[in-house]
Amino acid sequence: GLDESNYEARLGLGEVRMRQGRYDEAAAALDEARHINPHRPEARVQLARTFKRLERPAEAIDLLRGIVVDSPEQIGAHMLLADLLMTSAPPDPHGALAQYEQVLAQRPDYRAARAGAAISRMRVGQFEAAAAALEELLRETPGDEDLAFYLGTTLFWLGDYEHAVDAYRTA
């Protein structure tokens, strides 16, 4: 209330409102922060997260596309955009894969991006590459049921039914 033009205060208020589950209020505070300093990515990323919670994926996607162009080092923005592209109707696995590849160019060991890229590759029909990546991830974390399921699906599409069944049983 003392300084309505303070970016950090608006950003903080938006984050508090998000944690309280008051997403409409969070969106208002974060939008104000975004207008105070349109070049800083933090408020825009949090606003995109809020739009996701408010089930406004198109607005979140538009906002995130701008962020990853302006601030390509924002790994969180790439990951959130990839997630939204994979889960929106209709899904855009090619777009998601591009975002995961941007993250992996910066951090090749980022497990969530590696898994997302493997699943995206499966969804775009790059089954051999997807299977190899999923098998590698499962060697690192053998108990991951989700990855085992995706491996089973990938192997099914490759026609390797025996190993697909094994992967499904693991899942």
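The values are calculated or read from the model by the stated rules, or taken from the named source; none is laboratory data. These figures come from a predicted structure and were not determined experimentally. Cβ: placed from backbone, ideal geometry, glycine included. Neighbour counts: every protein chain shown. Ligands, DNA and RNA are stripped out before the accessible areas are found, and what is left, the full protein with its side chains, is counted by its heavy atoms. Shrake-Rupley method; radii C 1.70, N 1.55, O 1.52, S 1.80 Å.
Whole-Hz Karplus ³J(HN,Hα) for region 44-60, in order, using 6.51 cos²θ - 1.76 cosθ + 1.60 and θ = phi - 60°, x for Gly and Pro?
5, 5, 5, 5, 4, 4, 5, 4, 4, 4, 7, 6, 10, x, 4, 5, 5
Using a probe radius of 1.4 Å on heavy atoms only, what accessible surface per residue do you get for the chain? Whole Å² is fine.
Roughly 55 Å² per residue, with all protein chains present.
How far, in degrees from 0 to 90, does helix 127-140 lean away from the longest principal axis of the Cα atoms of the chain, to the nearest 10?
Helix 127-140 and the main axis of the chain meet at about 80 degrees.
Let me know the Kirkwood hydrodynamic radius for region 1-112, please, with Cα pairs as the basis and the value in Å to one decimal.
Working: mean 1/r = 0.0698 Å⁻¹.
Computed over region 1-112, the radius equals 14.3 Å.
Only Lys, Arg, Asp and Glu count, each charged at its Cβ (+1, +1, -1, -1), so figure out the dipole size of the chain about its Cα centre, rounded to 20 debye.
That gives a dipole near 260 debye.
Taking every eigenvalue of the Cα gyration tensor of region 34-171, multiplying by 5 and rooting it, what semi-axes result, largest first, whole Å?
Equivalent-ellipsoid dimensions as semi-axes: 32, 14, 12 Å.
Just by accessible area at a 1.4 angstrom probe, what is the order of Val69, Val124 from largest to smallest?
Ranked from most to least accessible, the order is Val69, Val124.
Not counting ligands, DNA or RNA, and with a 1.4 Å probe, what is Asp3's accessible surface area in Å² rounded to the nearest 10?
Roll a 1.4 Å probe over it and Asp3 shows about 80 Å².
Could you check how much of the accessible area of region 1-145 is carbon and sulfur, as a whole percent, using a 1.4 Å probe? Intermediate values should be presented prior to the final figure.
On the way: 3850 of 7690 Å².
Exposed carbon and sulfur together represent 50 percent of the surface.
Quick check: the angle from helix 93-106's long axis to the longest principal axis of the chain, C-alpha only, nearest 10 degrees?
Roughly 80 degrees between the two axes.
Hey, got the dipole for region 8-87? About the Cα centre, +1 on K and R Cβ, -1 on D and E Cβ, debye to the nearest 20? Show your work: numbers first, answer last.
On the way: 12 positive and 13 negative charges, 30 e Å.
Value, rounded to 20: 140 debye.
Let's see if you can work this out: charge +1 on each Lys and Arg Cβ, -1 on each Asp and Glu Cβ, no other charges. What is the dipole magnitude of region 95-171 about its Cα centre, in debye to the nearest 20?
280
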